[in-house]
């Protein structure tokens with residue numbers, strides 16, 4: 001059974017036309033048993049309750065896939081936005097406390113996950129870049145691109161993904177690189193959520209890895 005933990009990267013029913021277009025259902029259509037434990041809006045600390053629910057429902061024979069951290073990244077946007085005028089090295093100084101806390105939370109969560117599901121295959125996704133191409137919506141990410149600062153956001157995401165990669169390797173978790181795959185607007189329902197095309201892409205990436 002494929003168990004999906006994390007946030008709206010997997011729990012994307014609210015961002016597609018129907019439940020049939022959500023990641024969980026697409027995986028099932030491809031012939032795999034799949035249960036959704038991820039919750040839209042979840043942050044790293046939210047995953048512990050998802051782990052307990054999975055643990056209570058299924059002890060073994062799971063392939064666990066976790067996608068989390070994007071909402072933690074979003075929580076730093078105001079701080080980042082207010083300092084966009086600074087050079088990148090100074091931005092990282094401003095974000096130092098956030099980055100240290102992110103790494104600590106990821107480390108603790110992966111350790112907990114490893115202990116709870118010892119011997120079971122665990123897969124971790126990285127964080128994909130936001131899409132800056134929704135010009136008709138006049139929302140946050142497009143305004144940043146118009147101001148020429150979007151590359152700074154990408155660099156922050158790269159640092160977060162570096163943390164995820166190193167910590168995943170520490171616990172011998174398999175990393176699924178969804179960031180490289182989410183390279184077209186069609187994969188996004190909005191700036192940050194997967195569309196139906198995104199659901200199919202995520203399902204394919206997961207199945208190819210497991």
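Every read-out reported here was derived from the displayed coordinates using simple, explicitly stated rules and does not represent laboratory data. Predicted model, so just to flag it, every value in this text is computed and none were measured. Counting neighbours? That spans all protein chains shown, and the Cβs are built from the backbone with ideal geometry, glycine included.
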Protection proxy ranking, peptides 120-130, 100-110, average beta carbon neighbours within 10 Å, highest first: 120-130, 100-110
All-pairs Cα distance distribution in the chain, expressed in whole percent, bin size 5 Å: 1, 7, 15, 20, 20, 16, 11, 6, 3, 1, 0
Degrees, to the nearest 10: 96-116 long Cα axis against longest axis of the chain: 0
Of 67, 46, 76, the one that fluctuates the most in a GNM where the chain has Cα springs shorter than 10 Å: 76
Choice from 166, 68, 156 showing the highest fluctuation, given a GNM over the chain with Cα pairs closer than 10 Å: 166
Percent of beta bridges antiparallel (DSSP, the chain, rounded to nearest 5): 5
Extension reserve of the residue 209-residue 174 stretch, reckoned as 0.36 nm per residue once the Cα distance is removed: 11.8 nm
Full-extension gain in nm, residue 30 to residue 99, via 0.36 nm per residue minus C-alpha separation: 21.1 nm
Peptides 32-38, 84-90 ordered by average Cβ neighbours within 10 Å, highest first: 32-38, 84-90
Tilt relative to the chain, helix 47-57 - C-alpha long axis, 0 to 90 degrees, to 10: 10
In degrees, nearest ten, helix 150-170 long axis to first principal axis of the chain (Cα): 30
Sorted by Cβ density within 10 Å, fewest first, the residues 157, 9: 157, 9
Within the stretch 187-206: backbone nitrogen closer than 20 Å to the residue 18 label point (7 Å, Cα to C-beta): 189, 194-201, 203
Helical contribution to [θ] at 222 nm, DSSP H n ≥ 4, -39,500 (n - 2.57), averaged over the chain, rounded to 500: -14500 deg cm²/dmol
